[in-house]
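Worksheet: the structure to be examined is printed underneath.
The values are calculated or read from the model by the stated rules, or taken from the named source; none is laboratory data. Bear in mind the structure is a predicted one, so any value in this text is a computation, not a measurement. So basically every Cβ, Gly included, is an ideal-geometry build from the backbone, and we count neighbours across all protein chains shown.
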Ligand code: SF4
């Protein structure tokens with residue numbers, strides 16, 4: 001039987017847990033509950049909420065046809081212009097934006113209002129980054145890799161404030177900040193990486209470094225799970241990325257003496273436990 005090490009930090013983070021709790025509470029007491037985008041990157045949870053009458057709205061166009069009900073903003077947050085639009089819709093709004101993300105909105109809004117240039121380190125296509133960008137009063141620059149950091153051009157006469165997507169890979173972020181700081185601009189970095197994310201990443205890497213196989217559980221659409229996978233793969237070549245126990249190819253674990261398990265921030269405990277039980281059951285006869 002291989003030794004199985006499960007990360008203590010695997011599974012829901014504070015922001016996701018909080019947002020989900022808000023949705024379930026609303027669904028218990030009210031009809032016509034909508035979320036702007038799926039509340040988390042987990043199909044099982046989204047389906048469970050649907051069975052309780054919670055509908056996912058995918059864009060503002062869809063919202064135009066809805067006259068009554070409650071709209072919940074998910075933990076990723078939204079741009080200020082989107083918030084203003086939904087405020088005009090007449091719907092009751094519950095803001096489940098994670099307080100750590102809200103803090104970034106406040107920083108970029110204040111600093112850009114005071115005339116600073118804003119640099120966001122993150123994935124430009126990620127909803128959190130789109131939301132952050134939407135709180136800057138001037139156009140923010142987005143940097144996602146070393147090439148973009150090298151090529152970054154700012155106004156030399158204006159101070160710049162650098163923030164990061166909360167779930168950005170911590171090691172990669174340090175390198176990108178370093179590259180930008182070496183330039184002649186007067187810039188400084190405000191630490192906005194979420195501790196839940198950095199702790200999860202550090203623990204995952206620590207485990208990946210000492211096991212023969214690593215299992216990373218989470219949606220293929222989840223940015224923080226994708227990053228966990230990338231990081232673990234650097235330390236453990238046999239890293240498997242699965243959404244649920246159904247994706248697990250158990251043959252890839254045969255002959256391994258130590259197996260690690262971690263999971264992204266939107267992975268329910270139930271799914272992690274199913275994987276753990278399945279791995280244990282498969283190898284329970286081994287000496
Ligand atoms: S990862 Fe961190 S910032 Fe993002 S929702 Fe979770 S607690 Fe909030």
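Results, tabulated for the structure shown:
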| quantity | calculated |
| --- | --- |
| Any hit, the range 143-154, residues being surrounded by fewer than 21 Cβ atoms within 10 Å (Cβ to Cβ) and either within 16 Å of the ligand (Cβ to nearest atom) or part of a strand (DSSP E or B) (or both) | no |
| Any hit, the range 29-37, residues being within 14 Å of the ligand (Cβ to nearest atom) and in the same structural domain as residue 168 (by TED's automatic domain parsing) | no |
| Residue tally, condition over 14 Å from residue 262 (Cα atoms), more than 16 Å from the ligand (Cβ to nearest atom) and in contact with a helix residue (DSSP H, G or I) (Cβ under 7 Å, 6 or more places away or on another chain), over the range 188-207 | 1 |
| Count of the range 81-93 residues which are touching a residue at least 12 places away in the same chain (Cβ under 8 Å) and surrounded by fewer than 17 Cβ atoms within 10 Å (Cβ to Cβ) | 6 |
| Lone unmet requirement of (1) under 19 Å from residue 208 (Cβ atoms); (2) assigned to a helix (DSSP H, G or I); (3) over 21 Å from the mean Cα position of the chain (by Cα) for residue 231 | (3) |
| Lone unmet requirement of (1) modelled with pLDDT of 95 or more; (2) within 23 Å of residue 37 (Cβ to Cβ); (3) buried (at least 21 other Cβ atoms within 10 Å of the Cβ) for residue 275 | (2) |
| Any hit, the range 51-73, residues being surrounded by 15 or more Cβ atoms within 10 Å (Cβ to Cβ) and within 16 Å of the ligand (Cβ to nearest atom) | yes |
| Given (1) surrounded by fewer than 18 Cβ atoms within 10 Å (Cβ to Cβ); (2) more than 19 Å from the chain's Cα centre (by Cα), index of the condition residue 189 fails | (1) |
| The listed residue being within 16 Å of the ligand (Cβ to nearest atom), over 30 Å from residue 85 (Cα atoms) and out of contact with any helix residue (DSSP H, G or I) (no Cβ under 6 Å at 6 or more places or on another chain), out of 210, 227, 182, 174 | 227 |
| Conditions (1) more than 23 Å from residue 61 (Cβ to Cβ); (2) assigned by TED's automatic domain parsing to the domain that holds residue 59; (3) within 16 Å of the ligand (Cβ to nearest atom); (4) more than 15 Å from the chain's Cα centre (by Cα): number failed by residue 23 | (1) |
| Residue tally, condition within 12 Å of the ligand (Cβ to nearest atom) and in a loop (DSSP other than H, G, I, E, B), over the range 85-117 | 3 |
| Residue pairs meeting the criteria (Cβ under 7 Å; at least 6 apart or on separate chains; first within 16 Å of residue 9 (Cα to Cα), in the range 191-211; second in a helix (DSSP H, G or I) and near the ligand (Cβ under 9 Å from one of its atoms)) | 194/100; 196/14; 197/224 |
| Odd one out for residue 120 among (1) surrounded by 13 or more Cβ atoms within 10 Å (Cβ to Cβ); (2) more than 16 Å from the ligand (Cβ to nearest atom) | (2) |
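To keep it simple, each residue is scored yes or no on (1) under 23 Å from residue 76 (Cβ atoms); (2) assigned by TED's automatic domain parsing to the domain that holds residue 262.
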site: 166; (1), (2): yes, no
site: 170; (1), (2): yes, no
site: 176; (1), (2): yes, no
site: 182; (1), (2): no, no
site: 199; (1), (2): yes, yes
site: 204; (1), (2): yes, yes
site: 209; (1), (2): no, yes
site: 215; (1), (2): no, yes
